[in-house]
Amino acid sequence: MNQVKRVLVIDDSAYVRKVVTQILSRSPFLEVVGTARDGLDALEKVEALNPDVVTCDLIMPEMDGVEFVREQMRRRHLPIIIMSIASETAEMTLTALELGAVDFVQKPTALATDKILDISDELIAKVKAAADIPTSRLPVIEAVPPKLKLATAHKGAVDMVVIGISTGGPQALRYVIPQLPANFSVPIAIVMHMPVGYTEMYAQKLNELTNLDFHEAKEGEVVHPGTVLLAPAGRHLTFRRSKNESVVAHLNARPFETLHRPSVDVLFRSAAEIYDSRVLGVVMTGMGADGKEGASWIKARGGLIYTESEETCVVYGMPRATVEAGLSDRSVPLDQMAQAIWEVI
């Protein structure tokens, strides 16, 4: 039987605190044990109430959400879900994720209206998932990436690496991608589930840390070795061959029926159709099963599928679905993922 998880709700708006409490109370597996009006209040409430998970606003008086995450993680690691408005707080949200928050939910409006109810299902799902994360799997941002063992470059088994990732993804990619060397000889394409307004800024931040050219994918751009393309939020990333046989990126809202846009399944299938057997698909930490169907397309063409090991996933949903479908060739811990990718390249 699932144990009821204790939730602390942090927001400077009394209305939002009330509505979020009502939303979460719909789940028989969640109990809101308290609310806090700002970060300082929240630090005291965490100490007194010992919640399993926290939802946290960003723009608050006294102590904002970023400073709360920083201080709480210094005191004790705890699953924290950020709730924010993308246009106003995208940079703050990414900073909070860098500091150890596990996920975020985009508020539909900054106003005290019933539109907050639009995020009910997403909020409940993410809070439940976060509450179940063992402390040992929470993102450890201060971890030092290991040095890669760089063998002499040679023609490897694949011409494209595609990665699907979600909950815990910003931190995991920040750990893996900077380890890859400047002479990485194939392109990488990534789908990470993020709301509109975050992917471009995230790509800019990560590009400052890596030897590769990491940027948000653009329509029609030629796919080059040593580049990392991040699918923009709200559009699927696929590939096409141009008249001169170059592979170019294509962005589209179709298909509409996918649970996520961009979708890992859509990216993986397109990579398999263009690169045939010479694709490595990597399914990493995240909720749900996005990537399982795409992995089956890669496997059907003779490509490879790696999945992140359960012990290092923040949420093991996406890799688990792929593993249980019998599609994973190798399970790899996060601290060995860059080496595993390099070796097959």
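Odds and ends about this structure:
- Residues (surrounded by fewer than 20 Cβ atoms within 10 Å (Cβ to Cβ) and within 24 Å of GLU67 (Cα to Cα)) located in segment 1-16: ARG6, ASP12, SER13, ALA14, TYR15
So that you can scan it fast, the table gives a plain yes or no per residue for (1) farther than 16 Å from ALA130 by Cα; (2) in contact with a Pro (Cβ under 9 Å, 6 or more places away or on another chain):
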{"position": "ILE10", "(1), (2)": "no, no"}
{"position": "SER13", "(1), (2)": "yes, no"}
{"position": "GLU31", "(1), (2)": "no, no"}
{"position": "GLY34", "(1), (2)": "yes, yes"}
{"position": "CYS56", "(1), (2)": "no, no"}
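- Selection status of THR258, within 18 Å of HIS236 (Cα to Cα), part of a loop (DSSP other than H, G, I, E, B), of a type outside the set (D, E, K, R) and within 21 Å of the chain's Cα centre (by Cα): yes
- Note on segment 311-327: among residues that are under 12 Å from THR167 (Cα atoms) and among the aliphatic types (A, V, I, L, M), the one that is surrounded by the most Cβ atoms within 10 Å (Cβ to Cβ) is MET318.
- Of residues in segment 186-201 being out of contact with any Asp or Glu (no Cβ under 9 Å at 6 or more places or on another chain) and modelled with pLDDT of 95 or more, the one surrounded by the most Cβ atoms within 10 Å (Cβ to Cβ): ILE190
- Restricting attention to segment 81-103 and to residues that are touching a Gly at 6+ places or on another chain (Cβ under 7 Å) and not in a helix (DSSP H, G or I), the residue that is farthest from ASP118 (Cα to Cα) turns out to be VAL102.
- Just one residue in the set THR135, THR167 is under 30 Å from PRO51 (Cα atoms) and over 17 Å from the mean Cα position of the chain (by Cα); that residue is THR135.
- Condition met for VAL222 (surrounded by fewer than 21 Cβ atoms within 10 Å (Cβ to Cβ) and of a type in the set (Val, Ile, Thr)): yes
- Number of positions in segment 226-272 that are touching a Ser or Thr at 6+ places or on another chain (Cβ under 6 Å), under 16 Å from ASP290 (Cβ atoms) and among the hydrophobic types (A, V, I, L, M, F, W, C): 2
The values are calculated or read from the model by the stated rules, or taken from the named source; none is laboratory data. All of these numbers come straight from a predicted model, not from anything done at the bench. Neighbour counts run over all protein chains shown; Cβ positions are idealised from the backbone, glycine included.
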